[in-house]
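In what follows, a structure is listed as structure tokens, so that the remarks can point back to it.
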Amino acid sequence: MNEKNKNLHRRAAIITGWVFTAVIAFFFLGSLIAKDRTFSEKENRLLEKAPGINAGQIVSGRYEEKFETYFSDQFLLRDMWIEIKAGFDRLTGKVESNGVFLGKDGYLIEGFTEPDKKNLKETCKAMGDFAAEHKDIRQYAMVVPNAVEILSDKLPAFAPAADQGKYLDALGKNLEGQGIMFLDMRGVLEKNREKKLYYRTDHHWTTEAAYLAFLEAGETMGYKGKEVEFEALPVTGEFQGTLSAKSGFRSGEKEELEVYLPKDGTVSAVVNYVDEQKKTASFYDTEKLGTRDGYACFLGGNHPLIRIETPTQSEKSLLVLKDSYANCYLPFLATQYRKLVVVDPRYYYGDLEELMQVEEIQEILYLYNANTFFSDTSLQMVLKGG
């Protein structure tokens, strides 16, 4: 290659490098400058807000974690990139897109990947340390298996999925050894596999599955769930969940969503959305049924802190540290506790110790789905006070 051609190649490489840098800078700066979105229609979920600068969180590493999630959620044209990838996956005949499998009998099933061992160890240690600091408070953990575990027979052939059950076994043993009672729901869910336990287009369990778990947990938590009779009430037949939006599969499919109401209609509650300074007498936000995020009809979606007061005869107070799987479960718990204090660590930045003292907490329930629990880092940060 003569000197002239070498110079041309060198210039082309420099120009390519500058163009690439300019594109990266455009998307980086654009993501920072563009107005933050609060909700993703494509993923049917709330997006992370810009975290406030706090010295304690910077030292603990929580600020960095929150900022990374925030930047990913607010990345310029994020929904477009998700849609492009999903469309490409469909064209190539794939049965998996964005971590979602095109399963049998109309099911979309979110896969399970092996958790980060260091993160899982730190979460379990934080829970154990917290239990040791509060030995006077009964503590329970319900980590609900996902459809990938209970409905594994509906996965497409040769679908690569880690063994969620193996990690649930190890988790239960670890937590029990630290004084936290593990509420294993695999038995009752597997026993009722013929029922609709998970939505076909969404990653959540159904209200029926939550009710079965509520009854199962009663013996350990010290209540008789069957003392209050419930009836199922379909509230929409137009529900389309997060997995359809995330994967692009079954985009036209709709399904039914139910709520369970006490037959005698006597149980009521005051639901206080603390950060939003809003109170209501219902667990349900029916306006959400007309939106893309239909599952948000339960408690209006996820909130940092909710205080629920009920007229039940019980004097017990329960702190629930949770993800969205708890949203359809809480109305059942409200029949057994005078007060529920509900914290979603993904959005909560308050002082948990102070909150527990003010609310005079007597029991604690961790309620997560397994996929979220094994990948989440916010719980350990809240428990550590970071």
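All of the numbers you see were taken from the coordinates with simple rules; none came from a lab. Note that the structure is predicted; figures quoted are calculated from it, not measured. Here Cβ is always computed from backbone atoms with ideal geometry, including for glycine, and neighbour counts include all displayed protein chains.
Farthest toward the positive end of the dipole of segment 294-386, out of Y349, S317, A334, is the Cα of A334, where the dipole comes from beta carbon charges about the Cα centre. Computed over neighbours whose Cβ is under 13 Å from that of G187, the net charge equals -3, Lys and Arg +1, Asp and Glu -1.
Let me know the charge dipole size of segment 252-349 about its Cα centre in debye, to the nearest 20, where only the beta-carbon of Lys, Arg (+1) and Asp, Glu (-1) is charged. Write out the running numbers ahead of the final one.
Numbers: 12 positive and 14 negative charges, 76 e Å.
The calculation lands at about 360 debye.
Subtract the Cα-Cα distance of E315 and D275 from 0.36 nm times their separation in residues, and report this length gain in nm to one decimal. All intermediate terms of the calculation are to be shown ahead of the outcome.
Values: separation 40, 0.36 × 40 = 14.40 nm, distance 2.51 nm.
Extra length from E315 to D275 when fully extended: 11.9 nm.
Would you mind calculating the relative contact order of segment 114-384 from Cα pairs under 8 angstrom and at least 6 residues apart, reporting the percent as a whole number?
Working: 472 pairs, mean separation 59.0, N = 271.
With pairs under 8 Å counted, the relative contact order is 22 percent.
Other residues whose C-beta falls under 15 angstrom from the C-beta of V358 contribute a net charge of -4, scoring Lys and Arg +1 and Asp and Glu -1.
Enumerate the residues in segment 226-262 having an amide nitrogen under 17 Å from the point lying 7 Å beyond the Cα of L215 toward its Cβ. What the label zone holds, given the 17 Å backbone N cut-off, is 226-233, 259-262. Spin-label model, K173/R193: points 7 Å from Cα along the beta carbon direction are separated by 2.4 nm. Under 20 Å from a point 7 Å along the Cα-to-Cβ line of D264: which residues of segment 315-332 have their amide N that close? Hits in segment 315-332 for D264 at 20 Å: 315-316, 331-332.
Could you list, in their original order, any pairs among K224/K316; K196/K226; K226/K322; K104/K254; K166/K316; K191/K339 whose Cα atoms are separated by more than 26 Å? Write out the running numbers ahead of the final one.
Values: K224/K316 14 Å; K196/K226 20 Å; K226/K322 24 Å; K104/K254 16 Å; K166/K316 34 Å; K191/K339 32 Å.
Beyond 26 Å: K166/K316; K191/K339.
The simple Förster model, with R0 at 56 Å and r as the Cβ-Cβ distance, assigns E133 and F88 a FRET efficiency of 0.65. Positive end of the charge dipole of segment 114-384 (Lys, Arg +1 and Asp, Glu -1 on Cβ, about the Cα centre): tell me which of A217, Y199, A159 has its Cα farthest that way. Of the options given, the answer is A159.
Put simply, when 144-152, 359-367, 305-313 are sorted by average Cβ atoms within 10 angstrom per residue, most first, you get 144-152, 359-367, 305-313. Per-residue Karplus couplings for segment 104-115, computed as 6.51 cos²θ - 1.76 cosθ + 1.60 with θ equal to phi - 60°, are listed in order as 7, 6, x, 8, 9, 10, 6, x, 10, 10, 4, x Hz, Gly and Pro entered as x. Over all orientations, segment 114-384 has a Cα convex hull whose mean projected area works out to 14.1 square nanometres. Peptides 318-328, 278-288, 95-105 ranked from most to least packed, by the mean per-residue count of other Cβ atoms within 10 Å: 318-328, 95-105, 278-288. Rounded to the nearest 20 debye, the dipole magnitude of segment 114-384 is 380 debye, with +1 charges on Lys and Arg beta carbons, -1 on Asp and Glu beta carbons, and the Cα centre as origin.
The simple spin-label model puts a point 7 Å past each Cα toward its Cβ; for E354 and A162 those points are separated by 3.6 nm. With θ taken as phi - 60° and the Karplus curve 6.51 cos²θ - 1.76 cosθ + 1.60 applied, the whole-hertz 3J(HN,Hα) list for segment 162-169 is 5, 7, 5, x, 4, 6, 5, 4 Hz, x standing for glycine and proline.
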